[in-house]
Structure formats: structure tokens, C-alpha cells
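The values are calculated or read from the model by the stated rules, or taken from the named source; none is laboratory data. Every value quoted in this text rests on a predicted model; they were computed, and no experiment measured them. Positions of Cβ are generated from backbone atoms using ideal geometry, with glycine treated the same way; all protein chains shown enter the neighbour counts.
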Amino acid sequence: MNSALPAFLLAFPALFSIVNPPGAAFIFNDIAAGYSVLDRARLANRVGLYSLLVMLGALWGGAYILSFFGISLAALRLAGGAVVALRAWDLLSAPERQEARKQEQAEGPHGKVEDIAFFPLTLPFTTGPGTIAVAVALGAGRPETGPAGFFIGMSAAALTIAIIVWLCYRSADRVGEFIGTSARRTISRLSAFLLLCIGAQIMIAGLLDVAALIRTSA
């Protein structure tokens, strides 16, 4: 159990930086703009729960799934980092088109809450490939001794992130109205830039893994 706190302190900042609940809340606010207050609350509840399940699944079973399919952690980091970076670059390079697309989603016909709670709100907007890659990498670093405390700390970090996601999404409309459109767009651009940096960092970690493998096999 002594390893639970260090595991939590390792996992929480890593997951928080990639999930970025405050920044994701603005995307949630745009997509869910046409829903009622009750439906928005139901969406926040479902996304919070689904996000927790995605993170726990990646933390607990991701390494075993990768091993089963013969996928290395380096490949996961490169692919996940590339997806995150491309998404962020799309947000940065064509902000007007992104705003127009979000506006069309807000004004267009909406499906049921259940239709969009998992896709696209949970995957890929909240806990996408980057989050899964980080969670799998964290889970793969489990120690040989005391794995129970390690996974308890990791799971507690995932639960805390899911609660923060739920709180941010529940209050996204009120926060958006409070800060105004201009500030919201500025924060969205900054979040996209930080997301680009995170994607690049994940890819760098993957390249370092590849370099280490090459040195080992040489």
C-alpha cells in the first residue's frame, strides 16, 4: 500500500495534462449547445462514467492487449502522439472552419444523449488515443513487488480525473457565459497549442523507445 500514493502522484498530473478537463469543457459546451439543461447534465454524467471506464481499462488491461497483438509501447506512443498532434494542428490551423463546424453541430438536429455520449464526446474528445496511450504507458510501468498498491493509486488518479471531467462538463455552460466568447476562443486556442505540445512529447517518448531498442539490438 506504500506504493499507492507515489502511483497517484505519478498518474494524476500525466492524465490531467492529456485529458485537460477545463479545455475539453469548452468543446463539450459547443457540441451540447442545443440540448436542454437536463440532457446536458445526463451527458456530463455519462461522459464522466465512460471516461473512467476507458482510463481504467487502459491502465489495467492495456499492456496485456498490446502484448496479445504484438504491439510495442513505442508504436502506441508514436501512433497516439500523432493522432493527438494532428487533432491539435487541425484546431490551430483552421480555427474558423472548426468554429463553423461546431456551430453547425449546435444548430443541426441532435440525436439522443446515448448516441453521442460515448462517441464523439468520450472518444475522441475527452479520453482519446493520447489518453489511452498515456494510461497504457502508466499501467505498463507497474512494479514487480507491490502491484496492488500501485494499481490502487493509478485507479484513484483515474477516478479523480473522471470526477473533474464531470464537474467541468456540468458547469461548462455557466463558465462559458461568465468568461465570454472572446476569452473562450482564446483559451480554446491555447488548449489546442498545449495539446499539440503533448502530442509531440508522446511521439518523442516513442522515438526514444525506438532508439533504445535499436541500441539494445545493435
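Here is a yes/no grid of residues against (1) at pLDDT 85 or above; (2) of a type in the set (A, V, I, L, M, F, W, C); (3) outside any helix (DSSP H, G or I):
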position	(1), (2), (3)
L43	yes, yes, no
R46	yes, no, no
W60	yes, yes, no
Y64	no, no, no
V83	no, yes, no
K102	no, no, no
L86: passes all of (1) more than 19 Å from M203 (Cα to Cα); (2) surrounded by fewer than 16 Cβ atoms within 10 Å (Cβ to Cβ) but (1)
Of the candidates F16, F26, the one satisfying the condition of being among the aromatic types (F, W, Y) and over 13 Å from the mean Cα position of the chain (by Cα) is F26
When D39 is run through (1) outside any helix (DSSP H, G or I); (2) touching a residue at least 40 places away in the same chain (Cβ under 8 Å), the failure sits at (1)
Exactly one of A172, A183, A212, A218 is over 25 Å from A32 (Cβ atoms), among the small types (G, A, S) and modelled with pLDDT of 75 or more, and that residue is A212
Listed by first then second residue, the pairs whose first member lies in the stretch 147-159 and is over 7 Å from A4 (Cβ atoms) and crowded, with 18+ Cβ neighbours inside 10 Å, whose partner is hydroxyl-bearing (S, T, Y) and at pLDDT 95 or above, with beta carbons under 9 Å and at least 6 positions apart or on separate chains, are A158/S51
Scanning the stretch 130-146 for residues that are over 21 Å from the mean Cα position of the chain (by Cα) and not charged (D, E, K, R), the one surrounded by the fewest Cβ atoms within 10 Å (Cβ to Cβ) turns out to be T145
Taking the stretch 26-40 and keeping residues closer than 15 Å to R189 by Cβ and of a type in the set (A, V, I, L, M, F, W, C) leaves F26, I27
In the stretch 10-36, residues that are closer than 30 Å to G153 by Cβ and free of Cβ contacts under 8 Å to residues at least 24 places away in the same chain total 1
Of all helices (runs of 4 or more DSSP H) fully inside the stretch 104-218, the set with 2 or more residues that are of a type in the set (K, R) is 172-217
Going through (1) more than 24 Å from V165 (Cβ to Cβ); (2) assigned to a helix (DSSP H, G or I); (3) modelled with pLDDT under 85; (4) not acidic (D, E) one by one, I71 fails only at (2)
